[in-house]
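Following: one structure in structure tokens, then a few remarks.
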Number of protein chains: 2
Amino acid sequence: MATLLHIDASARLTRSHTRTLSKRFVEAWLAQRPGDRVIVRDVGAQAPTPVSHDWIAAAFTQPERRSAAMHEVLRESDALVDELESADIIVAGVPMYNFGMPAPMKAYIDNIVRVGRTFGFDRSRSGDPYWPLLQGKRLVTLSARGDYGYEPGQRIAQMNHVEPHLRTAFGYIGITEVQSLAVEYDEFADERVRQSLQQAGNAAERLAIEIANAFE
Amino acid sequence: MATLLHIDASARLTRSHTRTLSKRFVEAWLAQRPGDRVIVRDVGAQAPTPVSHDWIAAAFTQPERRSAAMHEVLRESDALVDELESADIIVAGVPMYNFGMPAPMKAYIDNIVRVGRTFGFDRSRSGDPYWPLLQGKRLVTLSARGDYGYEPGQRIAQMNHVEPHLRTAFGYIGITEVQSLAVEYDEFADERVRQSLQQAGNAAERLAIEIANAFE
């Protein structure tokens with residue numbers, strides 16, 4: 001059995017391109033492998049708590065030395081990391097808002113990049129003092145953008161802080177197998193966005209089928 | 001009189017390098033121009049509400065057609081935009097968390113990039129359907145990073161989604177005069193971070209004095 005972690009980060013609960021794409025991906029997956037487990041983590045509907053002063057202090061305290069209050073402040077992060085650890089495939093619908101991911105998706109990342117759980121840290125080590133702790137997982141990002149030309153090598157690629165940021169942050173904890181699709185042209189509300197959505201939706205389904213069939 | 005908008009985004013309320021830098025900048029400014037006004041917006045201590053489904057619907061409704069509930073959902077954003085509009089200089093302490101800005105800083109940006117207030121939008125326009133509405137403002141970003149080599153042209157510049165993202169987002173609304181300073185090496189906790197902090201702190205003071213003396 002595979003476990004899919006289905007993340008949605010769009011603030012739009014209806015008429016969301018990224019929710020349409022992630023839904024199509026998951027449905028196409030389950031059509032191939034109906035017995036698989038899907039965990040839904042809707043950070044667009046319910047934003048994770050941003051990490052705080054106390055969160056940082058607790059995370060950098062050895063687990064056996066944490067007070068009850070420290071365990072409490074990490075409880076939400078623990079649950080998010082447990083979910084992520086249990087997942088084989090993470091499919092994340094993450095629209096571009098103002099050139100980056102929505103704030104709740106960043107709050108999610110800040111909660112799952114956890115010392116001692118998803119990355120190791122040791123200052124006495126030679127070279128980089130940190131290393132990834134996750135392995136064998138795969139990430140699929142499904143995005144949507146108002147403008148167009150944000151793909152690598154295109155017109156305004158350097159203004160895209162969604163996929164490059166997601167790849168860097170997930171790569172840091174060991175999730176380095178990443179595939180990405182996106183809808184563009186949303187702000188023009190013309191034939192181009194309809195075509196882009198149709199193409200990305202079909203590609204999301206094909207990708208789900210391909211990964212599902214290759215699984216294990 | 002000049003108005004400074006002093007933003008802090010660090011989750012750390014004490015022992016924060018970015019708070020140290022922003023404090024030194026503001027103090028150096030006020031030593032030059034004691035009569036100026038400083039607005040403090042501490043998004044690290046109090047995160048702005050992430051934009052929601054209802055927020056987006058309200059923002060894209062013409063002001064005169066908004067319901068009382070729509071005005072209410074935009075109230076926090078209105079206050080943040082009012083503050084930003086009143087500012088001549090924005091000095092923002094924004095640490096790097098997991099290669100990007102902290103989630104509350106992104107929530108701030110998503111609240112101040114407001115159609116009809118900080119950018120214009122018109123689909124019938126030829127070329128880009130949006131344009132910036134702010135002008136004559138200046139942004140100073142003060143950051144801190146665990147690792148080193150994130151400056152343009154350096155070792156891991158492509159992993160930096162703080163300054164490039166801030167410049168793009170603030171540039172979109174018309175704030176294109178941007179200067180940036182950062183502390184590096186924090187995770188090594190050795191002589192290098194102490195030197196980096198000292199240099200960046202001195203540079204922040206010099207920058208404050210230079211901008212303050214050139215103002216108006």
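Bear in mind that the values in this text are calculations on the coordinates, not laboratory data. Note that the structure is a prediction, hence the values are computed from the model and not measured. Counting neighbours? That spans all protein chains shown, and the Cβs are built from the backbone with ideal geometry, glycine included.
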query: Based on the Cα coordinates of chain B, what is the per residue volume of their convex hull in Å³?
result: 140
- line: Restricting to lysines and to Cα separations under 19 Å from A:LYS106, and discarding same-chain partners fewer than 8 apart, the set is B:LYS106
message: Using Cβ counts within 10 Å as a stand-in for footprinting exposure, how do A:LEU142, B:LEU13 rank, fewest first?
response: B:LEU13, A:LEU142
task: Would you mind ranking B:LEU207, A:LEU21 by Cβ crowding within 10 Å, fewest neighbours first?
output: B:LEU207, A:LEU21
- line: If N is the residue count of the protein assembly as shown, its Cα Rg over 2.2 N^0.38 Å rounds to 0.99
query: Can you list the residues, at least 5 places off or on another chain, whose amide H is less than 5 Å from the amide H of A:ALA182, using H built in the peptide plane?
result: A:SER143
- line: Charge dipole of segment A:98-216 built from unit charges on the beta carbon (Lys, Arg +1; Asp, Glu -1), centred at mean Cα; most positive-end Cα among A:SER124, A:GLY153, A:MET101 is A:SER124
- request: Work out from phi, with θ = phi - 60° and the Karplus expression 6.51 cos²θ - 1.76 cosθ + 1.60, the ³J(HN,Hα) of each residue of segment B:81-89, listed in order in whole Hz, and give x for Gly and Pro.
  value: 5, 4, 4, 5, 4, 6, 8, 8, 10
query: What share of the DSSP beta bridges in chain B is antiparallel, in percent to the nearest 5?
result: 15
query: Just counting partner chain Cβ atoms within 10 Å, what average do the residues of peptide A:167-177 show around their Cβ?
result: 2
query: What is the diffusion coefficient of segment B:47-174 in µm²/s, taking the Kirkwood radius over Cα pairs and the Stokes-Einstein relation at 10 °C with a viscosity of 1.306 mPa s?
result: 99
query: Sorted from shortest, what are the nm distances separating the label point of B:GLN154 from equivalent points in the other copies, each placed 7 Å from Cα along Cα to C-beta?
result: 3.1
message: Using the Karplus curve 6.51 cos²θ - 1.76 cosθ + 1.60 with θ = phi - 60°, what ³J(HN,Hα) values do you get for each residue of segment B:150-162, in whole Hz, with x for Gly and Pro?
response: 8, 6, x, x, 8, 2, 10, 4, 6, 8, 8, 10, 9
statement: Sorted shortest first, the nm distances from the B:SER124 label point (7 Å along Cα→Cβ) to its counterparts in the other copies are 7.1
- prompt: Looking only at other chains, what is the average number of their beta-carbon atoms within 10 angstrom of each beta-carbon in A:44-51?
  reply: 4
message: Using the crude model of +1 on Lys and Arg Cβ and -1 on Asp and Glu Cβ, and no other charge, please compute the dipole size for the protein assembly as shown relative to its Cα centre, in debye to 20.
response: 0
- prompt: Exactly which trypsin sites (Lys or Arg not before Pro) in segment A:31-104 are in a DSSP loop and have at most 10 other Cβ atoms within 10 Å?
  reply: none
- prompt: Summing Lys, Arg as +1 and Asp, Glu as -1, what charge do residues with Cβ under 13 Å from the Cβ of B:VAL162 carry, B:VAL162 excluded?
  reply: 0
message: Could you check the spin-label model distance between A:ALA189 and B:ALA68? Points 7 Å from the Cα along Cα→Cβ, value in nm.
response: 2.9
message: Which of A:SER143, B:SER16 has the fewest other C-beta atoms within 10 Å, and how do the rest follow up to the most?
response: B:SER16, A:SER143
query: Considering every residue in A:92-100, what mean count of other chain Cβ atoms within 10 Å of its Cβ is obtained?
result: 5
task: Name the long-range amide H neighbours of B:ASP42: under 5 Å, sequence gap of 5 or more, or other chain; modelled H, no Pro or chain starts.
output: B:ASP8
